[in-house]
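Please read the structure below before turning to the comments.
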Amino acid sequence: MTRTHAETLEPGDAPDLSFKERAARALADPDLKIAIDRTTRTARQKREAAVAEWPGFSDARDLGRRIKDHVIENLAHYLAEFERNAQASGAVVHYAETAGEACDIVVDICRKAGAKTITRSKSMLGEEIGLPHALDDAGFNRVETDLAEHIVQLAHDRPSHIIWPALHKKREEIAALFRANHRLAPDSDEVPDMVASARRELRGSFLSADVGISGANFLVADTGAICTVTNEGNAELTTTVPRVHIVTAGIEKLVPSLPHAFVLLRLLVRSATGADFTQYTTFHCGPKRDGDRDGPREFHIVLVDNGRAKMIEEGVRDMLRCLRCGACMNHCVVFNEIGGHAYGSVYPGPMGSVMTPIFDGLPASRDLPSACTLNGRCQEVCPVAIPLPAMLRGWREKSWAQGLEPRTQRGMLGMWAFVASRPALYRLGTRIAMKALRLLGRDGWIESLPLASGWTRHRDFPKPAARTFFEQYGPDRK
């Protein structure tokens, strides 16, 4: 029996808490902020440098957007073409409408293969459908081979970022995990020694696994090939050594041809890690053939919808362009304060706030679209220009139309609308409020503020400027 999206949360994620309660808990954890800063600051700097060194980035970004839009417009055509060519190469193609169907298909393939040990390369689609839990529930020995996913598995945790799943853990915590769980503990807490310890721990599983499971960054329609992108080489060991290779991929991963895939690869890698290209970019096309020295004897591809068609119906079809690079969350001021687990969803940050209402329903996730400043930075850095702020506003509008906000919030917004629709009253109120706030400030900051303890409990509030916006830029300015 497979689990639903919400049921894949671990006990430590406190699924019984609301988003606001999880966020408050995250804000009160100073170690979490240190761990997030260590990674996302570096990611932002590397992305900025990579984009600056690529004069054609803007044009490539526009081309990437058009490629993805073209595929979405012609999805049925490219699905049929991909299936036809994949089957011609010897692959078996399966379709799954829901997460449960996808997990059942994978578990059934593993059982028919007589599998005991299963290695898995990092795949957000796998996390989305709850595949790790489905494999565990079915009694298989599941081994996560991505270094960060290995850390998460040892901690009985779940990913907090789509590129760096263990972003929420400091090096010191990881060293303690390895000492407690590895047969041969690392020689020291230094990164090279910990990586060597993980390599020793995982090597036997690579060689003994019966089934290897991967995701796919791209599905190439005109060849039937799938593309995996990693920096560790674990995907190649996961997909090549076992006698059965299973791919799970969302239907939006399709691209028309190899040249189209390379356009998107250049955008993906620079946006995700700031590199020109990943260490390992591999195309798999069917099972092992006569004369091949390695490769699986069986090659299965599970194509998953799981709400993707619904995204088109709900007006968030642009989300199907997403390359899963993580740039939006690296630059999100909210994510960088609370991390990924606070969102209570497989996909955190701006992209998750758009996608989670599709998976879990708007009533259960209405807080996520509201947890955004709408500053637009996520859209600015998205390699395929997804209009994330517009879609987040769309969910807010639907939430309001469906009456999902608490009465107190609707009442406060009604009062604000009453004042804002009366310019003279609004300007008078802002002048009074700004003067009052300036009295509370010290050294440019306000340490406590009536009715705003949710903000000032964890950080100071900026002292307002000497003159209001209207006083500085309005028609009556002097």
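For each pair in K253/K398; K46/K435; K20/K169; K46/K169, compute the distance between the two Cα atoms and list the pairs where it is over 31 Å. With Cα atoms farther than 31 Å apart: K46/K435.
Sorted by average packing, counted as other Cβ atoms within 10 angstrom per residue and highest first, what order do 98-107, 423-432 take?
Going from most to least packed, we get 98-107, 423-432.
Among the DSSP helices (H) of the chain, those spanning at least 30 angstrom by Cα along their long axis with an average Kyte-Doolittle hydropathy of -1.0 or more are 30-52; this is a geometric and hydropathy rule only. Only one of (i) 0.90; (ii) 1.06; (iii) 0.94 was calculated from the structure for Cα Rg over 2.2 N^0.38 Å, and its label is (ii).
Take each of the peptides 192-204, 224-236, average the number of other beta-carbon atoms within 10 Å over its residues, and list them starting from the highest.
Going from most to least packed, we get 224-236, 192-204.
Taking 4.7 Å between C-beta atoms as the pairing limit, the chain has these partnerless cysteines: C103, C110, C227, C285, C322, C325, C332, C372, C382. Each part reduced to its alpha carbon centroid, the stretch 244-280 and the stretch 68-117 end up 18 Å apart. Extension gain, A364 to D290: 0.36 nm times the residue separation minus the Cα-Cα distance gives 21.4 nm. With a Förster radius of 22 Å applied to the beta-carbon distance between A417 and V333, the computed FRET efficiency rounds to 0.30.
Under the simplified labelling scheme, the D136-H70 pair shows an inter-label distance of 4.3 nm, with each label point 7 Å from Cα along Cα→Cβ. In a fully extended conformation the segment linking F283 and R467 would gain 60.3 nm over its present Cα-Cα distance, using 0.36 nm per residue.
Sorting 354-367, 50-63 by their mean Cβ neighbour count within 10 Å, with the most densely packed peptide first, gives 354-367, 50-63. Projecting the Cα positions of P406, F57, C285 onto the charge dipole of the chain (unit charges on Cβ atoms of Lys, Arg, Asp and Glu, taken about the Cα centre) puts P406 furthest along the positive direction.
No value in this document is a laboratory result; all are computed from the given coordinates. As the structure is a prediction and not an experimental result, all values here were calculated from the model. Because the Cβ atoms are built from the backbone with ideal geometry, glycine has one as well, and the counts that use them run over all protein chains shown.
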